[in-house]
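S.K.: There's a structure below that I have some questions on.
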Amino acid sequence: DTAVSQTPKYLVTQMGNDKSIKCEQNLGHDTMYWYKQDSKKFLKIMFSYNNKELIINETVPNRFSPKSPDKAHLNLHINSLELGDSAVYFCASSQSGTQSPLHFGNGTRLTVT
Amino acid sequence: EDQVTQSPEALRLQEGESSSLNCSYTVSGLRGLFWYRQDPGKGPEFLFTLYSAGEEKEKERLKATLTKKESFLHITAPKPEDSATYLCAPSNFGNEKLTFGTGTRLTIIP
């Protein structure tokens with residue numbers, strides 16, 4: 001049983017294109033996140049949603065737009081892709097107010113050429 | 001701003017050779033400090049949460065400890081399957097986000 005699943009696992013695209021990454025969790029958590037891991041393996045938060053409401057929005061270009069249709073899903077749409085967007089994007093989930101750990105998906109490796 | 005530094009960046013050990021990984025942190029009001037293990041091509045996998053100075057948690061060959069400024073992950077008699085990148089992440093009161101260190105890449109040589 002996959003707890004946090006992301007699609008696609010790999011995404012190769014050209015500069016200027018628009019792409020989306022999807023995430024779903026079946027843990028019943030109310031909070032979901034997008035993290036970006038760069039080539040140096042540094043994992044940095046981008047966004048967080050709690051019950052479909054945006055609660056964390058770090059300094060991320062507005063070409064990145066998260067959308068949460070319900071508390072089990074969090075998608076990431078990226079417009080006008082740039083070379084610097086190449087990274088691994090991780091979705092995660094947790095239950096707010098319980099000090100529970102984050103549960104991560106296995107990532108989407110985005111390569112922009 | 002919360003800061004986290006992990007050392008060493010990389011560590012190679014012979015199988016059975018014990019050692020420790022360090023995580024130094026600065027956060028305003030620690031809610032908890034999390035340790036994760038990350039294998040290549042995978043997402044981080046939760047290991048431990050520590051909440052207060054003096055607390056210790058153990059799991060198989062791993063033991064995590066916490067002081068007011070640092071956390072250590074002690075690895076006793078490691079095996080090759082312990083090879084991974086180990087990440088620490090403190091969390092502060094007031095928000096739900098974790099601030100990750102850059103990790104220690106551990107390699108256990110048979």
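S.K.: Work out which residues of the range B:78-110 lose at minimum 40 square angstrom of accessible surface when the other protein chains are put back, relative to the chain isolated, with a 1.4 angstrom probe, and list them by number.
M.R.: Residues shielded by partner chains are B:GLU96, B:LYS97, B:LEU98, B:PHE100, B:THR102.
S.K.: I'd like the interface area for chains A and B: accessible area of each alone minus the complex, both sides summed, 1.4 Å probe, protein heavy atoms only. What is it in Å² to the nearest 100? Kindly include the intermediate steps, with their values, before the conclusion.
M.R.: Numbers: alone 6470 and 6160 Å², together 10980 Å².
Roughly 1700 Å² of accessible surface disappears when A and B pair.
S.K.: How many percent of the accessible area of the protein assembly as shown is carbon or sulfur, using a 1.4 Å probe? Intermediate results must be reported in sequence, preceding the final value.
M.R.: Details: 5250 of 10980 Å².
Summing carbon and sulfur atoms, their accessible area is 48 percent of the total for the protein assembly as shown.
S.K.: Under 5 Å between amide H atoms, partner at least 5 residues away or on a different chain: which partners does B:GLY103 have, H built in plane at 1.01 Å?
M.R.: HN-HN under 5 Å from B:GLY103: B:GLN6, B:CYS88.
S.K.: Further question on the same structure: Going through the cross-link list A:LYS71/B:LYS63; A:LYS41/B:LYS63; A:LYS40/A:LYS71; A:LYS41/B:LYS57; A:LYS44/B:LYS57; A:LYS67/B:LYS97, which pairs have a Cα-Cα distance over 29 Å in this structure? Before the final figure, lay out each step's value.
M.R.: On the way: A:LYS71/B:LYS63 34 Å; A:LYS41/B:LYS63 24 Å; A:LYS40/A:LYS71 31 Å; A:LYS41/B:LYS57 26 Å; A:LYS44/B:LYS57 26 Å; A:LYS67/B:LYS97 18 Å.
Table pairs above 29 Å Cα-Cα are A:LYS71/B:LYS63; A:LYS40/A:LYS71.
S.K.: Now for a different question. Once the whole set of protein chains is in place, how much accessible area is left on B:THR5, using a 1.4 Å probe, in Å² to the nearest 10?
M.R.: Looks like 90 Å² after rounding.
S.K.: Can you list the aspartates and glutamates whose alpha carbon is less than 15 Å from that of B:LYS68, not counting same-chain residues fewer than 8 positions off?
M.R.: Within the straight-line limit of under 15 Å, B:LYS68 reaches these aspartates and glutamates: B:ASP2, B:GLU55, B:GLU56.
S.K.: Here is a further query. Working with all protein chains in place, sort B:ARG31, B:ARG12, B:ARG61 by solvent-accessible area computed with a 1.4 Å probe, largest first. Please report the intermediate quantities before stating the final value.
M.R.: Numbers: B:ARG31 30, B:ARG12 165, B:ARG61 50 Å².
Descending order: B:ARG12, B:ARG61, B:ARG31.
S.K.: In the range B:34-53, which residues give up 50 Å² or more of accessible area once the other protein chains are added, compared with their chain alone (1.4 Å probe)?
M.R.: Buried-area filter returns B:PRO44.
S.K.: Okay, next question. Using the Kirkwood formula on the Cα atoms of the range B:3-97, what hydrodynamic radius do you get, in angstrom to one decimal? Each step should come with its number before you reach the end.
M.R.: Values: mean 1/r = 0.0729 Å⁻¹.
By the Kirkwood definition, the hydrodynamic radius is 13.7 Å.
S.K.: Rounded to the nearest whole Å², what accessible area per residue is found for the protein assembly as shown with the 1.4 Å probe?
M.R.: Working: 10980 Å² over 223 residues.
Dividing the accessible area of the protein assembly as shown by its residue count gives 49 Å².
S.K.: Which whole-Hz ³J(HN,Hα) couplings does the range A:36-44 yield from phi under the Karplus relation 6.51 cos²θ - 1.76 cosθ + 1.60, θ = phi - 60°, glycine and proline marked x?
M.R.: In residue order, the calculated couplings are 10, 10, 7, 5, 8, 6, 7, 9, 10 Hz.
S.K.: What's the average, rounded to a whole number, of partner chain beta-carbon atoms within 10 Å of each residue's beta-carbon in A:34-44? Walk me through the numbers before you get to the answer.
M.R.: On the way: counts 0, 5, 0, 5, 1, 0, 3, 9, 5, 12, 3.
Average per residue, whole number: 4.
S.K.: With every protein chain in place, what's the accessible area of B:ASP39 (1.4 Å probe, Å², nearest 10)?
M.R.: Its heavy atoms expose roughly 40 Å² to the probe.
S.K.: Show me, for the range A:47-62, the HN-Hα J-couplings you get by feeding each phi into the Karplus relation (A = 6.51, B = -1.76, C = 1.60, θ = phi - 60°), rounded to Hz, glycine and proline as x.
M.R.: After applying 6.51 cos²θ - 1.76 cosθ + 1.60, I find 9, 9, 10, 10, 6, 6, 9, 5, 10, 10, 9, 6, 6, 10, x, 6 Hz.
S.K.: In angstroms, what radius of gyration and Dmax does the protein assembly as shown have, counting Cα atoms only?
M.R.: Gyration radius and largest Cα-Cα distance of the protein assembly as shown: 17.6, 51 Å.
S.K.: Quick one: 3J(HN,Hα) in Hz for the range A:25-34, Karplus 6.51/-1.76/1.60 with θ = phi - 60°, rounded, Gly and Pro as x.
M.R.: Along the range A:25-34, the couplings run 10, 10, 8, x, 6, 9, 10, 10, 9, 10 Hz.
The values are calculated or read from the model by the stated rules, or taken from the named source; none is laboratory data. Just so we're clear, the structure is a prediction, and the values are computed from it rather than from any experiment. Because the Cβ atoms are built from the backbone with ideal geometry, glycine has one as well, and the counts that use them run over all protein chains shown. All accessible areas refer to the heavy atoms of the entire protein, side chains included, with ligands and DNA or RNA removed. Shrake-Rupley method; radii C 1.70, N 1.55, O 1.52, S 1.80 Å.
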